[in-house]
Amino acid sequence: MDQNLELIEHHVDFCVVGGGLAGMLAAIAAARNGARVAIMQDRPVFGGNCSSEIRMWTLGCHGENNRETGILEEILLENMDRNPQRNFSVWDSILYEKIRFQPGIEMLLNCSCQEAEMDGARVCSVTGWQLTTYTRHRVYAKLFADCSGDSVLAPLTGAQFRVGREARSEFGERIEPERADSCTMGLSCLLQARETDHKVEFKPPKWAHVYETDKEINRAHDFLSDRTENFWWIELGGTGDSIRDTEQVRDELLRVTFGIWDHIKNRGDHGADNWELEWVGFLPGKRESRRYVGDVIVTENDVAAGGHFEDVAAYGGWTMDDHDPRGFHGERGNIFHPAPCPFGIPYRAMYSVNVENLFCAGRNISATHAAMSATRVMATCATIGQAVGTAAAIAARDGLTTRGVYERRLTELLDRLQFDDAWLPFRRRAIPALTAEAAATHEALRNGYDRPQNGQDNGCRLAFGEAACYDFGAPRRVQVCRLVLDSDLERASCDGDATMRTYPMVCNKYRDMLGFGFPKTMLRSFRLEYKTEAGEWKLIEQIDDNIQRLVVVRCDVRATAVRLIPLASCGSADAHIFSFDVR
C-alpha cells in the first residue's frame, strides 16, 4: 500500500469491525460499560441488512412476549416514536446517531478493514482504508470483535473458521447433507414498490430477464394480498463462493429482480397498474459465509434441546430456516425445521477458540450451518452483539482474554446484561440487597422477571397517582433507581395495519397504510421521590416525555424510603410496570 497516504492511529480498549446491528450493539454496550471503543464500518450507514442499502426488516424470536429487549428495543421504540411512516432515511439517522453521539465511541464509516497485526495469539491492531478521505486508519486495541458478517478478521488473523454445510454424521444433525460441502444460503437484492392514485407504466431494462408466465417464477408473488412480501426469495449464490462471487451474483440478481417487476407490471393481470417501482437494492443482503470456531460450536441438537447452557448470554427463537443453496433456481424452496422459542446461545460461542482477544458477533458466531440457520436473523444477532460488548468492557477493565471472562467473570457478565434489560430466558435477574431487604408495597416489582413468562404477568398495575414504595426502616444511601416499563412486547395495542404491527419497517407502501402508532401501555410521565430522615418527601426526578422500556435514574440521596408515582401513559387507563429496583 502507498506509504505516502496519510495514516491515522487510534488507541482504544475495544475495536469493532462491522456496523450492522450486532456491531452497533457491541460498540454501544462496551462504551456504556466504560470501555473506549472504535467501530470500523465499510459502508456509509449503519445497520447492515436492515439499513436503507438493503432494507430487510429486523426480526428474531417467535412466540408470545419473546421480543428482544435491551439496546435493540431502545432503538426500535425511538424509531416508532420519531418515524411513524417508517422512512428509511429517518431510520438510518437514528442508527447513525446512536453511534455518533454515544460518548466513548470513535466512528470510522466508509472504512474497509484490510490488515491485521498479530502478536502470537493476540490481535494488536487492524488497519482500514477510508474511501471518502483516501486515508488509512490503524486501530490499536486490547480486544477486537468481528461483526462483519463475512468474518473478515478470520483469514487476516489465522482464526479458525468454517464455511458451508457439515456432514450429517459430524455432529449427528439430521438437517445436514450426507457429505460435507461448501454450499451456503444465498444473497438477495430486495425491491420495494409504492401504490399511487394513477396508472404507472414500467419499461424494463433490455438486460432484465423475461418471465412470461407465473410458472417461470415458481414463487408466490401476489404482494397485493400479502403485505409482508419483500421479495426475499430473489436469492442466488449459495452454490458458489458467497464472498468472492458477490459482484457477479449481484449482477444476476438485478436481472432477476427487474425481470420479476416487469412480469408483475406487464405480463399477466397482477392488479399492479397503479404501482410503481420505488427502490431496488444494489447491495446484496447476505445470509451466510464464514463462521468462527469457538470454545463451543452450537449445533442443530443444541438448538432443538433449547440451548440450556450454563453461560447463556443471548437467545434466539427463529426456526432452523434451511434455504436451498440454489435459491431462486431451486425446486424445494425453504424447509422450516422447528426450534424452541426461545433457545439459549452460549457466551463460549461468541469468541475465537485460538485468537485470545477476538470476539465474534452476528451470523458468524461459532455454530454449524444448521444451527446458524436459526441464529442468523438480525434481532438475535443484536442480542449477541450486546453480550459481546458487555463482555469486552469487563475484559478490558480487568485485563482478561475473551475466555477469561467466562472463567472468571461470567456471573458479572450475565448480571450486567440483565441489568441493561437484555433478557436471558432461563435466568432470574439478581435483585439488589437494598431492594430485597426493604418493606415493599408491591412484591411483583422485585420478583426478578421483567416480562410476562409461563402464564405469569410478573408486573403490577397502578392507578395514576398511586405509589409503589420501598421503606428501608432506617436511612440508606440510594444511588440508582431502575424501572422496567411495559413497551407491549406483543405490540398488540399499536395503531396501523394489523399485519404490519410487529415489523419495525415496511417493504411496499400501500396508500391506505397508517403510521406505526406507539405502545399505549408505555408509562409516559412519572415521579421518583425519597423520604428524608425528617419524614419529608422530596423529588429525585420527574420524567414527562418517556418513550423507553428501561429507565435508569442516577441519584445520590440519603433516604428512609423511595417511591414511584405514575402520572400518565401513552394511552392505557393505568400504569403497567414490571420492575422497580433501587440500589
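Look through E247, E276, E235 and report the one residue that is without any contact (Cβ under 8 Å) to a residue 24 or more places away in the chain, of a type outside the set (A, V, I, L, M) and either out of contact with any Lys or Arg (no Cβ under 8 Å at 6 or more places or on another chain) or not assigned by TED's automatic domain parsing to the domain that holds T380 (or both). It would help to see each step written out before you state the result.
Working: E276 fails: without any contact (Cβ under 8 Å) to a residue 24 or more places away in the chain; E235 fails: without any contact (Cβ under 8 Å) to a residue 24 or more places away in the chain.
Matching residue, one of E247, E276, E235: E247.
Counting just the residues of the range 398-413 that are assigned to a helix (DSSP H, G or I) and in contact (Cβ under 8 Å) with a residue 40 or more places away in the chain, which one comes out nearest to R32 (Cα to Cα)?
Looking only at the range 398-413, we keep the residues that are assigned to a helix (DSSP H, G or I), and these are 398, 402-408, 410-413.
When the remaining residues are screened for being in contact (Cβ under 8 Å) with a residue 40 or more places away in the chain, the result is 402-403, 405-406, 410, 413.
Values: T402: 19, R403: 22, V405: 18, Y406: 20, L410: 18, L413: 14 Å.
If we take residues in the range 398-413 being assigned to a helix (DSSP H, G or I) and in contact (Cβ under 8 Å) with a residue 40 or more places away in the chain, then L413 is nearest to R32 (Cα to Cα).
For the range 303-355, the strands (runs of 3 or more DSSP E) that sit wholly inside it and include 3 or more residues that are touching a residue at least 40 places away in the same chain (Cβ under 8 Å) and over 30 Å from R409 (Cβ atoms) are 320-323.
For every residue, the table says whether it meets (1) charged (D, E, K, R); (2) modelled with pLDDT of 95 or more; (3) not assigned by TED's automatic domain parsing to the domain that holds D245.
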position	(1), (2), (3)
V280	no, yes, no
F309	no, yes, yes
D322	yes, no, yes
G330	no, no, yes
I345	no, yes, yes
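Being over 26 Å from A436 (Cα atoms) and assigned to a strand (DSSP E or B) holds for only one residue in R554, R524, and it is R524. Among the residues of the range 561-583, those identified as of a type outside the set (K, R), in a strand (DSSP E or B) and over 29 Å from the mean Cα position of the chain (by Cα) are A561, V562, L564, I565, P566, L567, A568. Looking at this structure, is V249 over 16 Å from C507 (Cβ atoms), outside any loop (DSSP other than H, G, I, E, B), at pLDDT 95 or above and in contact with a helix residue (DSSP H, G or I) (Cβ under 8 Å, 6 or more places away or on another chain)? For V249, the condition - over 16 Å from C507 (Cβ atoms), outside any loop (DSSP other than H, G, I, E, B), at pLDDT 95 or above and in contact with a helix residue (DSSP H, G or I) (Cβ under 8 Å, 6 or more places away or on another chain) - is not met. Summed over the range 34-89, residues that are of a type in the set (A, V, I, L, M, F, W, C), touching a Phe, Trp or Tyr at 6+ places or on another chain (Cβ under 6 Å) and more than 30 Å from E9 (Cβ to Cβ) total 2. Would you confirm, using the coordinates I've provided, whether V123 is on the phi < 0 side of the Ramachandran plot and surrounded by fewer than 23 Cβ atoms within 10 Å (Cβ to Cβ)? So V123 fails the test.
Surrounded by fewer than 21 Cβ atoms within 10 Å (Cβ to Cβ) and closer than 22 Å to E229 by Cβ: is that true of N83 in this structure? Criteria met by N83. Scanning the range 182-203 turns up no residue that is acidic (D, E) and part of a helix (DSSP H, G or I).
Residues that are in contact with a Pro (Cβ under 8 Å, 6 or more places away or on another chain), surrounded by fewer than 20 Cβ atoms within 10 Å (Cβ to Cβ) and in a loop (DSSP other than H, G, I, E, B) occur in the range 155-178; there is at least one. Considered as a group, the residues in the range 231-275 that are loosely packed, with under 15 Cβ neighbours inside 10 Å and either β-branched (V, I, T) or in contact with an Asp or Glu (Cβ under 7 Å, 6 or more places away or on another chain) (or both) include one that is farthest from M185 (Cα to Cα), and that residue is N274. There is at least one residue in the range 60-81 that is farther than 25 Å from I345 by Cα and over 17 Å from the mean Cα position of the chain (by Cα).
Taking the criterion of being in a loop (DSSP other than H, G, I, E, B), more than 29 Å from the chain's Cα centre (by Cα) and crowded, with 16+ Cβ neighbours inside 10 Å, the residues of the range 204-223 that qualify are P204, A208, H209, Y211. Report yes if A193 is farther than 30 Å from F144 by Cα and crowded, with 20+ Cβ neighbours inside 10 Å, otherwise no. Taking the combined requirement at face value, the residue satisfies it.
This table checks each residue for (1) in contact with a helix residue (DSSP H, G or I) (Cβ under 8 Å, 6 or more places away or on another chain); (2) assigned by TED's automatic domain parsing to the domain that holds F144; (3) over 23 Å from A391 (Cβ atoms); (4) in a helix (DSSP H, G or I).
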| position | (1), (2), (3), (4) |
| --- | --- |
| G23 | yes, yes, no, yes |
| A29 | yes, yes, no, yes |
| P44 | no, yes, yes, no |
| N49 | yes, yes, yes, yes |
| I54 | yes, yes, yes, no |
| E68 | yes, yes, no, no |
| I75 | yes, yes, no, yes |
| M80 | no, yes, yes, yes |
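Across the range 500-508, a minimum of one residue is classified as over 30 Å from F309 (Cβ atoms) and surrounded by fewer than 20 Cβ atoms within 10 Å (Cβ to Cβ). Looking only at residues in the range 414-459 that are assigned to a loop (DSSP other than H, G, I, E, B) and among the β-branched types (V, I, T), the one that is nearest to P340 (Cα to Cα) is I431.
Set side by side, the residues E173, E178, E195 differ, and just one is touching a helix residue (DSSP H, G or I) at 6+ places or on another chain (Cβ under 6 Å) and in contact (Cβ under 8 Å) with a residue 60 or more places away in the chain, which is E173.
Looking across A116, A38, one residue alone is crowded, with 22+ Cβ neighbours inside 10 Å, in a strand (DSSP E or B), without any contact (Cβ under 8 Å) to a residue 60 or more places away in the chain and not assigned by TED's automatic domain parsing to the domain that holds D545. It is A116.
The values are calculated or read from the model by the stated rules, or taken from the named source; none is laboratory data. Not measured: the values here are computed from a predicted model. All Cβ positions, even for glycine, are placed from backbone atoms using ideal geometry, and neighbour counts span all protein chains on display.
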